[in-house]
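Undergrad: First the structure, then my questions, so here it is.
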Amino acid sequence: MEPIKILERATAEFERRLRTVTPDQWTNPSPCDGWTVRDVVNHVVGGNRMAVLLLAGSSLDEALAAHAGDMLGDDPVQAFVSSAEAQLAAFGQPGALQRICHHRIGDIPGARLLGMRTGDVAIHAWDVARAIGADEELDGDVVEKVWQAMAPTAPFIGKSGAFGSGPSGEVGEDAPLQVRLLDLSGRRP
């Protein structure tokens, strides 16, 4: 399956959870330490917008500035939908996957940025689901692709600061792949 199709499916997973958030759940704590549901959604919307800017040739500083503050306004669902559509369109442009983007981890090709965005959207879909008590089962193809991209980082992922303490070391190879992915990303399902 094409990488852009995997991002589309991860986006659908996130939107499906987002559409079930009730007004009183936006302030629920999420599995992301110190973040509410609204904070998680704001982060994902900011990441979507940042990807669009990076793919358009913006500098890292310009992209980070667009990622700051509240991006959800009075309609978080629409803010997500709009940013997700823009992100998918940006990745779908000819040459987008070969374009060099000036990301905080360094200069990377658009294909790597696409993989990072897919993982971010997918894992945060689970975070929202967990925080609101919704269905936590993620699309198996999405989980597999994100696992393939993230598994090589297992020895140092916890040191990045972006994934909690990283893998717990307590989840065996025989555990379901989604459980292994969540554990790798610092979640303890």
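The values are calculated or read from the model by the stated rules, or taken from the named source; none is laboratory data. Note that this is a predicted model, so its numbers are computed, not measured. So basically every Cβ, Gly included, is an ideal-geometry build from the backbone, and we count neighbours across all protein chains shown.
Undergrad: How many residues are exposed (fewer than 12 other Cβ atoms within 10 Å of the Cβ) and either of a type in the set (S, T, N, Q) or on the phi > 0 side of the Ramachandran plot (or both) if we restrict to region 166-189? Write out each step before concluding.
TA: Filtering region 166-189 for residues exposed (fewer than 12 other Cβ atoms within 10 Å of the Cβ) gives 169-170, 172-174.
From what is left, the residues that are either of a type in the set (S, T, N, Q) or on the phi > 0 side of the Ramachandran plot (or both) are 169.
Total satisfying the criteria: 1.
Undergrad: Sticking with this structure for a sec: Can you tell me how many residues in region 8-26 are more than 13 Å from H124 (Cα to Cα) and either surrounded by 22 or more Cβ atoms within 10 Å (Cβ to Cβ) or in contact with a strand residue (DSSP E or B) (Cβ under 6 Å, 6 or more places away or on another chain) (or both)? Spell out the reasoning first.
TA: Of region 8-26, the ones more than 13 Å from H124 (Cα to Cα) are 8-9, 19-26.
Pick out the ones that are also either surrounded by 22 or more Cβ atoms within 10 Å (Cβ to Cβ) or in contact with a strand residue (DSSP E or B) (Cβ under 6 Å, 6 or more places away or on another chain) (or both) and you get none.
Qualifying residue count, region 8-26: 0.
Undergrad: Return a yes/no flag: does region 137-152 have any residue that is over 15 Å from the mean Cα position of the chain (by Cα) and under 20 Å from H43 (Cβ atoms).
TA: Within region 137-152, not a single residue is over 15 Å from the mean Cα position of the chain (by Cα) and under 20 Å from H43 (Cβ atoms).
Undergrad: Does P76 qualify as being modelled with pLDDT of 95 or more and surrounded by fewer than 15 Cβ atoms within 10 Å (Cβ to Cβ)? Break it down into steps so the answer makes sense when it comes.
TA: Details: modelled with pLDDT of 95 or more: yes; surrounded by fewer than 15 Cβ atoms within 10 Å (Cβ to Cβ): no.
For P76, the condition - modelled with pLDDT of 95 or more and surrounded by fewer than 15 Cβ atoms within 10 Å (Cβ to Cβ) - is not met.
Undergrad: If you don't mind, another one. Name the residue that is surrounded by the fewest Cβ atoms within 10 Å (Cβ to Cβ), counting only residues in region 27-73 that are of a type in the set (D, E, K, R) and either touching a strand residue (DSSP E or B) at 6+ places or on another chain (Cβ under 8 Å) or assigned to a loop (DSSP other than H, G, I, E, B) (or both). Spell out the reasoning first.
TA: In the first step, residues of region 27-73 are kept if they are of a type in the set (D, E, K, R); the result is 33, 38-39, 49, 61-62, 70.
Now restrict to residues that are either touching a strand residue (DSSP E or B) at 6+ places or on another chain (Cβ under 8 Å) or assigned to a loop (DSSP other than H, G, I, E, B) (or both): 33, 70.
Details: D33: 8, D70: 12.
Out of the qualifying residues, it is D33.
Undergrad: Here is a further query. Based on this model, can you work out whether R112 counts as under 16 Å from the mean Cα position of the chain (by Cα) and closer than 25 Å to V37 by Cβ?
TA: Values: under 16 Å from the mean Cα position of the chain (by Cα): yes; closer than 25 Å to V37 by Cβ: no.
Answer is no for this residue.
Undergrad: So, one more: Given (1) surrounded by 20 or more Cβ atoms within 10 Å (Cβ to Cβ); (2) closer than 22 Å to S30 by Cβ, where does D139 come up short, assuming only one miss?
TA: Result: D139 passes all but (1).
Undergrad: Here's a follow-up. What about V179, is it among the hydrophobic types (A, V, I, L, M, F, W, C), over 23 Å from M50 (Cβ atoms) and assigned to a helix (DSSP H, G or I)?
TA: Numbers: among the hydrophobic types (A, V, I, L, M, F, W, C): yes; over 23 Å from M50 (Cβ atoms): yes; assigned to a helix (DSSP H, G or I): yes.
Spelling it out, V179 is indeed among the hydrophobic types (A, V, I, L, M, F, W, C), over 23 Å from M50 (Cβ atoms) and assigned to a helix (DSSP H, G or I).
Undergrad: Determine whether region 143-150 contains at least one residue that is surrounded by 16 or more Cβ atoms within 10 Å (Cβ to Cβ), β-branched (V, I, T) and either under 18 Å from E15 (Cβ atoms) or modelled with pLDDT of 95 or more (or both).
TA: Yes, region 143-150 contains at least one residue that is surrounded by 16 or more Cβ atoms within 10 Å (Cβ to Cβ), β-branched (V, I, T) and either under 18 Å from E15 (Cβ atoms) or modelled with pLDDT of 95 or more (or both).
Undergrad: Please go through region 151-165 and pick out each residue that is touching a Pro at 6+ places or on another chain (Cβ under 9 Å) and surrounded by 15 or more Cβ atoms within 10 Å (Cβ to Cβ).
TA: I157, G158, G164
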